[in-house]
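Engineer: Sharing a structure below in structure tokens format, with a few things to ask.
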Amino acid sequence: MTTTAVTTGTVNPNQRRVALTGNEAVALAMRQINPDVVAAYPITPQTDIVQYFSSFVADGRVDTEFVTVESEHSAMSATVGAVAAGARAMTATSANGLALMWEVLYIAAGSRLPIVMPVVNRALSAPLNIHCDHSDAMGARDSGWVQLWSENAQEAYDNVIQAVRVAEHPKVLLPVMVCLDGFIISHALLNLHVLEDAAVRAFVGRYRPDHTLLDPERPVTVGPLDLYDFYFEHKRQQAEAMSEARAVILQVAEDYTRLSGRRYGFFEAHRLEDADSAVVVLGSAAGTARFVVDELRRRGRKVGLLKLRVFRPFPGRELAETLARLQTVAVLDRAEGFSTAGGPLFTEVRSALYALAEDGGRGPASPGAPPLTMNFIYGLGGRDLDPGDIESVFDRLATAVETGSTRTPDTGRVGPLIEYLGVRE
Amino acid sequence: MATLTEIRWHGRGGQGAKTAALLLAEAASEAGLHVQGFPEYGPERMGAPVFAYNRLSDEPIFLHCHISRPSVVAVLDPTLIKDPGVAAGLADGGVVVVNSTAEPETMRGRLRLDGQPEVRVATVDASGISMDCIGQAIPNTAMMGAVIRVTGLLEFDRFMEVARRLLGEKFRARPALVDGNLKAIRRAYGEVAVG
């Protein structure tokens, strides 16, 4: 169960078809979840979420204690305090707001606090830019948060609801980020199906933590000094929790399918069964890539798409098994990690493929080496990615299939490890 | 209708290009179409050129990129036609609708579309209509009426029902604006001239 059905799946009848912006869809999910506490600070392009949610509070449509704070550092700190005290608490942010939360992100994860936070992806300064890229969330990839990524408003809505169950599962107890592309999704009016309030409330249930700061019968300490005597054990347990999140994410997705009719997994595999070449991508660009794949298929080209939904924990084995029999794979990164060795998604995908080759599990259909991999960085600071850009990637992959190499045909030299799509050079 | 209709709205900050795109998307969604409505955000200021977009289709829409080959261009401010970008990428069989008192054939010349007879040109005095109907030069609702007329995208009476409800939500505090805007839509629907 590693595929995601997109919004064309069967729709269970307990739903309404609406047109909402991505931010409206997220705010609606938050209203239906009805958290005990929301502490948030507005930042473009997340602002609408906080604005809509504050109107739900003002209109008495939720029971939430809404805490207005003076910064994102305080927003995450207040959320940490609320969850430690036993509340179900949420916040939301973007870009520099996420950066300002930095030290508290690690405190949330290390204290095993199941916070759910929509992150409306936006480029980090400098230079100042309000538009979409993934540098904000990619920078937080090692903070110990689960990361779910969304292609559109439907997936953002569905992911926020599922995130509550994943975060609060007793075997997980980790915070979850739900990523959606700034402006492209957050400010676009799109169709989606939404559940009834009662169905969402029943799905997320009540949060009943085992230990809370406000339980005098069973006193606990949160965030104490923890030196070489126990810190390592706690980190080992945290890693185990992230590992446990894999099964929980799939179980919650299965329960959600029964409720909504929409299927979710670690990733969506679109037309990969007999493909020679594929792109791997996160977020809204997956939609444009699906359009291109379907178009190229009509022209007889064997191409496919792998849209990753779960980036943390990284489903390396499943992903590698799905890609193993392909000849070439292009990984599209909407973040420049400045490692000079590939973008953050590329390095993980290539590493997963290498591990598969090492243990001999190359997949039944492919007796040869694992697929050739190429890395394309695109869309920084909101630079548009259009179908022609993605087609050019498939053309590069086709050349690699023909020549059996990623070498640049005209020079015969090994091509650059990283190529940039749609940049002026 | 064609499977996919792509609309590009050109306006100036304050004229309601974004609102037009979002209202049209919502109305089309209620009519059962798959929709997208999205503005292009930049350093907007009152009076600065702004863009907004629609995709409308009877099939699910996966594209999440800008629209560079629109089948419909709607121009909310006649001074914007000096920008050659206004007609850029217009698909064959496409239509450009301009808020102007000029005749369509005059407008065709101004848009430098004389060599492209396959592109239709329509004009409507949306500013004059909005002054009459709502007392303000906010031409977006009138332009929606004109766009619906020249494209036949939506059944008009059904659209008006949805528009009444959506405008009612938007102008909850100023109900007089609901009737004024509905009147503007109806007048522009009737008065738009196609060349």
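Engineer: Just tell me which lysines come within less than 17 Å, Cα to Cα, of A:K171; anything on the same chain fewer than 8 places away is out.
Structural biologist: A:K235
Engineer: Here is a further query. Running a GNM on chain A with Cα contacts under 10 Å, which residue among A:L190, A:L174, A:L227 ends up with the highest mean-square fluctuation?
Structural biologist: Result for chain A, Cα springs under 10 Å: A:L227 fluctuates most.
Engineer: Quick one: P(r) of the range B:63-195 from all Cα-Cα pairs, 10 Å bins, percents rounded to integers, in order of increasing distance.
Structural biologist: 13, 41, 32, 13, 1
Engineer: Can you sort A:Y52, A:Y231, A:Y264 so the residue with the fewest Cβ neighbours within 10 Å comes first?
Structural biologist: So the residues, fewest neighbours to most, are A:Y231, A:Y52, A:Y264.
Engineer: Loop only per DSSP, at most 14 neighbouring Cβ atoms within 10 Å: give me the chymotrypsin sites (Phe, Trp or Tyr not before Pro) in the range A:269-351, ordered by residue number.
Structural biologist: Here the chymotrypsin sites (Phe, Trp or Tyr not before Pro) that fit, given the DSSP loop and packing criteria, are A:F338.
Engineer: Turning to a different aspect of this structure: Would you look at the GNM of chain A, springs on alpha carbons closer than 10 Å, and say which of A:R206, A:R298, A:R290 moves the most?
Structural biologist: So, out of A:R206, A:R298, A:R290, the one fluctuating most is A:R298.
Engineer: Going from the alpha-carbon gyration tensor of the range A:18-92, what semi-axes, largest first and in whole Å, does one get by taking the root of 5 times each eigenvalue?
Structural biologist: Over the Cα atoms of the range A:18-92, the ellipsoid semi-axes are 19, 15, 10 Å.
Engineer: Put +1 on the Cβ of every Lys and Arg and -1 on every Asp and Glu Cβ in the range A:30-122; which of A:A82, A:P114, A:Y41 then has its Cα farthest towards the positive end of the dipole?
Structural biologist: After comparing all options, I get A:P114.
Engineer: Out of residues 5 or more away from A:R301 or on other chains, whose amide H comes under 5 Å of its own, with H placed 1.01 Å from N in the peptide plane?
Structural biologist: For A:R301, no residues qualify.
Engineer: Looking at the range A:267-420, what % of the alpha carbon pairs are farther apart than 28 Å?
Structural biologist: 12
Engineer: So, one more: For peptide B:33-40, compute the average count of partner chain beta-carbon atoms within 10 Å of each residue's beta-carbon.
Structural biologist: 5
Engineer: For the range A:248-303, place one equal point scatterer on every Cα, skip the solvent, and apply the Debye formula. What is log10 of I(q)/I(0) at q = 0.17, 0.20, 0.22 Å⁻¹?
Structural biologist: Relative scattering, expressed as log10 I(q)/I(0), comes to -0.67, -0.81, -0.88.
Engineer: Moving to a separate point now. Taking only the C-alpha atoms, wrap a convex hull around the range A:48-161 and report its volume per residue in Å³ as a whole number.
Structural biologist: 113
Engineer: Between the range A:147-183 and the range B:8-50, what is the C-alpha centre distance in whole Å?
Structural biologist: Cα centres, the range A:147-183 to the range B:8-50: 29 Å.
Engineer: I've got another one for you. Of A:L124, A:G287, A:G144, which is farthest on the positive side of the dipole of chain A, counting Cα position, with +1 on Lys and Arg Cβ, -1 on Asp and Glu Cβ, and the Cα centre as origin?
Structural biologist: With unit charges placed on the Cβ atoms, the residue in question is A:G287.
Engineer: Nearest-5 percent of antiparallel DSSP beta bridges in the range A:101-232?
Structural biologist: 0
Engineer: Would you kindly calculate the translational diffusion coefficient of the range B:1-154, applying Stokes-Einstein with the Kirkwood radius from alpha carbon pairs, for 25 °C and a viscosity of 0.890 mPa s, and quote it in µm² s⁻¹ without decimals?
Structural biologist: It diffuses with D of about 159 µm²/s by this estimate.
Engineer: May I ask you to list the trypsin sites (Lys or Arg not before Pro) in the range A:9-102 that are in a DSSP loop and have at most 15 other Cβ atoms within 10 Å of their Cβ?
Structural biologist: A:R61
Engineer: Hey, what D do you get for the protein assembly as shown in µm²/s if you plug the Kirkwood alpha-carbon radius into Stokes-Einstein at 20 °C and 1.002 mPa s?
Structural biologist: 83
Engineer: Grab the Cα-Cα distance for A:D226 and A:V401, subtract it from 0.36 nm times how many residues apart they are, and report the gain in nm with one decimal.
Structural biologist: 57.7 nm
Engineer: Let me ask something else. In the range A:267-420, what % of DSSP beta bridges are antiparallel (nearest 5)?
Structural biologist: Of the beta bridges lying entirely in the range A:267-420, close to 20 percent run antiparallel.
Engineer: For the residues B:K183, B:K170, what sequence is obtained by ranking on other C-beta atoms within 10 Å, fewest first?
Structural biologist: Final ranking by Cβ density, sparse to dense: B:K170, B:K183.
Engineer: If you place +1 on the Cβ of every Lys and Arg, -1 on the Cβ of every Asp and Glu, and leave all else neutral, what size is the dipole of the range A:267-420 about its Cα centre, to the nearest 20 Debye?
Structural biologist: Once rounded to the nearest 20, the dipole reads 160 debye.
Engineer: Considering only DSSP states other than H, G, I, E and B, which trypsin sites (Lys or Arg not before Pro) in the range B:61-127 qualify as loop sites with at most 15 other Cβ atoms within 10 Å?
Structural biologist: B:R112
Engineer: If you project the alpha carbons of the range A:99-206 onto their three principal axes, what span does each projection cover, largest first, in Å?
Structural biologist: 45, 37, 15
Engineer: Under 18 Å from the Cα of B:K170, which aspartates and glutamates turn up, not counting those fewer than eight places away in the same chain?
Structural biologist: A:E24, A:D48, A:D59, B:E26, B:E30, B:E161, B:D179
Engineer: When Cβ neighbours within 10 Å are restricted to other protein chains, what is their mean count per residue of peptide B:59-71?
Structural biologist: That works out to 6 on average.
Engineer: Positive end of the dipole of the range B:4-194, charges at C-beta (+1 Lys, Arg; -1 Asp, Glu), about the Cα centre: which of B:F156, B:G135, B:G115 has its Cα farthest in that direction?
Structural biologist: B:G135
Engineer: Moving on to the next point. For the range B:4-194, give me the percentage of DSSP beta bridges that are antiparallel, rounded to the nearest 5 percent.
Structural biologist: Here the share of antiparallel DSSP bridges comes out near 60 percent.
Engineer: Measure out, as a whole number of angstrom, how far apart the alpha-carbon centroids of the range A:195-259 and the range B:65-115 sit.
Structural biologist: First find each Cα centre; the distance between them is then 56 Å.
Engineer: Nothing charged except the Cβ atoms of Lys and Arg (+1) and of Asp and Glu (-1): what's the magnitude of the dipole of chain B about its Cα centre? Round to the nearest 20 debye.
Structural biologist: 480
Only the coordinates and a few stated rules stand behind these numbers; no lab work does. Being a predicted model, the structure only gives us computed values, none of them experimental. Neighbour counts run over all protein chains shown; Cβ positions are idealised from the backbone, glycine included.
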